[in-house]
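Novice: Pasting in a structure now, in structure tokens, and then I'll have a few things to ask.
The values are calculated or read from the model by the stated rules, or taken from the named source; none is laboratory data. This one's a predicted model, so the numbers in the text were calculated from it and none came from an experiment. Every residue, glycine as well, gets a Cβ built from its backbone with ideal geometry; the counts of neighbours run over all protein chains shown. Please note that ligands, DNA and RNA were not included when accessible areas were found on the heavy atoms of the full protein model with its side chains. Shrake-Rupley method; radii C 1.70, N 1.55, O 1.52, S 1.80 Å.
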Amino acid sequence: NAGVTQTPKFQVLKTGQSMTLQCAQDMNHEYMSWYRQDPGMGLRLIHYSVGAGITDQGEVPNGYNVSRSTTEDFPLRLLSAAPSQTSVYFCASSYGGGRPYEQYFGPGTRLTVT
Amino acid sequence: SQQGEEDPQALSIQEGENATMNCSYKTSINNLQWYRQNSGRGLVHLILIRSNEREKHSGRLRVTLDTSKKSSSLLITASRAADTASYFCATDGRSGGSNYKLTFGKGTLLTVNP
């Protein structure tokens with residue numbers, strides 16, 4: 001299994017540009033999440049999904065959109081990039097159901113907005 | 001908002017020594033997890049402890065949980081240079097938390113000197 005994959009690894013955008021960060025998992029996980037990590041900070045939840053067709057906002061959703069049309073893919077869209085969105089973005093997935101499960105993380109996308 | 005807070009922020013030890021990191025959190029939880037992040041990489045799950053457990057072991061890792069004090073500790077015994085990484089605690093939070101809505105602390109940067 002490839003696990004959780006993210007593309008691209010690095011991206012530089014100009015203010016106002018839009019782009020999509022890709023995330024895919026091949027473990028048939030129900031739950032998928034997007035986090036951002038800023039220097040000296042832990043991870044903050046942007047959006048999450050509990051299954052295909054179901055998404056919801058996390059702690060810092062402004063400026064981002066998500067959709068989940070398949071179990072495998074969970075893309076994150078930046079609508080109009082701002083310098084405050086410069087960060088490292090991580091996608092994660094986990095099993096669903098009532099039991100607690102670990103999250104599996106992708107390698108991250110390092111985004112710089114100038 | 002950050003639910004967990006790790007302490008210390010940074011820890012430097014010699015190879016072979018034990019490393020202890022602490023995590024405090026604010027609200028009741030269902031479970032608490034510890035993750036490791038090597039520089040520039042995604043997070044890797046280390047161990048999960050449920051709220052009705054007090055101690056858990058995995059190899060050289062020992063985690064304790066004190067729900068009355070809302071705190072947890074991660075002990076790494078006989079540390080190695082390869083243990084150099086940032087360590088994060090993550091909680092689900094009983095109120096609206098789940099596998100997909102983890103709240104992470106800011107992490108402890110552990111440096112193990114050879």
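Novice: Give me the 1.4 Å probe accessible area per residue for chain A, excluding ligands and nucleic acids, in Å².
Specialist: Numbers: 5180 Å² over 114 residues.
Dividing the accessible area of chain A by its residue count gives 45 Å².
Novice: So what is the diffusion coefficient of the protein assembly as shown in µm² per second by Stokes-Einstein at 37 °C and 0.692 mPa s, using a Kirkwood Rh over Cα pairs?
Specialist: Details: Rh = 17.9 Å.
Translational D for this selection: 183 µm²/s.
Novice: Still on this structure, please answer the following. Under the rule of at least 5 residues apart or a separate chain, name every residue whose amide H is placed under 5 Å from the amide H of B:N30.
Specialist: B:D92, B:G93, B:R94
Novice: Just tell me which lysines come within less than 17 Å, Cα to Cα, of B:K101; anything on the same chain fewer than 8 places away is out.
Specialist: Within the straight-line limit of under 17 Å, B:K101 reaches these lysines: B:K26.
Novice: Would you compute, for the Cα atoms of region B:26-114, the largest minus smallest coordinate along each principal axis and list the three values in descending order, in whole Å?
Specialist: Projected onto its principal axes, the Cα set of region B:26-114 covers 42, 26, 18 Å.
Novice: Just read off the accessible area of B:R80 with the full protein assembly in place, 1.4 Å probe, to the nearest 10 Å².
Specialist: Roughly 130 Å² of B:R80 is accessible to a 1.4 Å probe.
Novice: Taking the DSSP beta bridges in chain A as the whole, what percent of them are antiparallel, to the nearest 5? Mind showing how you got there, number by number?
Specialist: On the way: 33 of 37 bridges.
The answer is about 90 percent antiparallel.
Novice: Give the long-range amide H neighbours of A:G96: residues separated by 5 or more places, or on another chain, with amide H under 5 Å away, using H modelled in the peptide plane at 1.01 Å from N.
Specialist: Here the answer is A:E30, A:Y31, since their amide H atoms fall under 5 Å of that of A:G96.
Novice: Considering the alpha-carbon set of chain A alone, what are its Rg and its Dmax in angstrom?
Specialist: Values for chain A (Cα only, Rg and Dmax): 13.4, 43 Å.
Novice: Short version: which residues of region A:28-47 lose at least 20 Å² of accessible area, all chains versus chain alone, 1.4 Å probe?
Specialist: For region A:28-47, once contacts with the other chains are taken into account, A:Y31, A:Y35, A:Q37, A:G40, A:M41, A:G42, A:L43, A:L45 lose 20 Å² or more.
Novice: Which residues' amide hydrogens lie under 5 Å from the amide hydrogen of A:T86, considering only partners 5 or more residues apart or on another chain, with H built in the peptide plane?
Specialist: The list, which skips near neighbours in sequence, is A:V113.
Novice: Right, something else. Please report, as a whole percent, how much of the solvent-accessible surface of chain B comes from carbon and sulfur atoms (probe radius 1.4 Å).
Specialist: Working: 2270 of 5260 Å².
C and S atoms contribute 43 percent here.
Novice: Nearest 100 Å² is fine: how much accessible area is buried between A and B, summed over both sides, with a 1.4 Å probe? Let's see the in-between values first.
Specialist: Numbers: alone 6100 and 6230 Å², together 10440 Å².
Using a 1.4 Å probe, the pair buries roughly 1900 Å².
Novice: Give the average, rounded to an integer, of partner chain Cβ atoms located within 10 angstrom of each Cβ in B:43-53.
Specialist: Values: counts 12, 3, 7, 1, 1, 3, 1, 2, 1, 0, 0.
Mean number of neighbouring Cβ atoms from other chains: 3.
Novice: Something else now. State the Kirkwood hydrodynamic radius of region A:17-70 in Å, one decimal place, computed from all pairs of distinct Cα atoms. Intermediate values should be presented prior to the final figure.
Specialist: On the way: mean 1/r = 0.0822 Å⁻¹.
Result for region A:17-70 stands at 12.2 Å.
Novice: Can I ask one more? If the cut-off is 19 Å between C-alpha atoms, which aspartates and glutamates fall inside it for B:K70, apart from same-chain ones fewer than 8 positions away?
Specialist: Output for B:K70: B:E5, B:E6, B:D7, B:E53, B:E55, B:D92.
Novice: Could you put B:S86, B:S28 in order of accessible surface area, largest first, with the 1.4 Å probe and the full protein assembly present? Before the final figure, lay out the partial values.
Specialist: On the way: B:S86 30, B:S28 60 Å².
Ranked list, largest accessible area first: B:S28, B:S86.
Novice: Report, to the nearest whole %, how much of the accessible area of region A:1-94 belongs to carbon and sulfur atoms, 1.4 Å probe, protein only.
Specialist: Values: 2100 of 4200 Å².
About 50 percent, which is the carbon plus sulfur part of the accessible surface.
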